[in-house]
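Written below as structure tokens is the structure these notes are about.
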Amino acid sequence: MIEDWPQDIGGKPSFSYLENMPAFVPIMFELTVFFAAHLMVITFYLRSRMWPFKNAENPEDTRKQKIKEYKDKFANPYVAAAYGYIDAVIEPKETRNFILHALEVSSLKVEISPTKKHGVPPF
């Protein structure tokens, strides 16, 4: 450190490394988070073999392939049904019959309420 002009941190001049160390703790924490985020992105690029500067050999075929993969994996009701996220997959030609059946079943439903345990309290 310069002896003529000591560091002034928080209004307190300090003359040694140990006295200045608490001021660098937040800075080191922020730098750790910053470099960890960058390391995560670099790791993502390495593991997925995708690079932002690399162009596809045939972009139109690659695009069609990615769209097909997306439709097969995510835009497919049978995948959701296999995982149990939905109860049934209704085909368009079966929609009317399915709705009529649901209305018939719900119109015949009788809700049985439990008997009252107490009467009206006296006032």
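Readers should treat all values here as calculations from the given coordinates under stated rules, not as data from a laboratory. All of these numbers come straight from a predicted model, not from anything done at the bench. Here the Cβ positions follow ideal geometry from the backbone for every residue, glycine too, while neighbour counts run over all protein chains shown.
Modelled label positions at Val79 and Ser48, each set 7 Å beyond Cα in the direction of Cβ, lie 1.5 nm from each other. Each other residue within a Cβ distance under 9 Å of Val79 adds +1 if Lys or Arg and -1 if Asp or Glu, for a net charge of 0.
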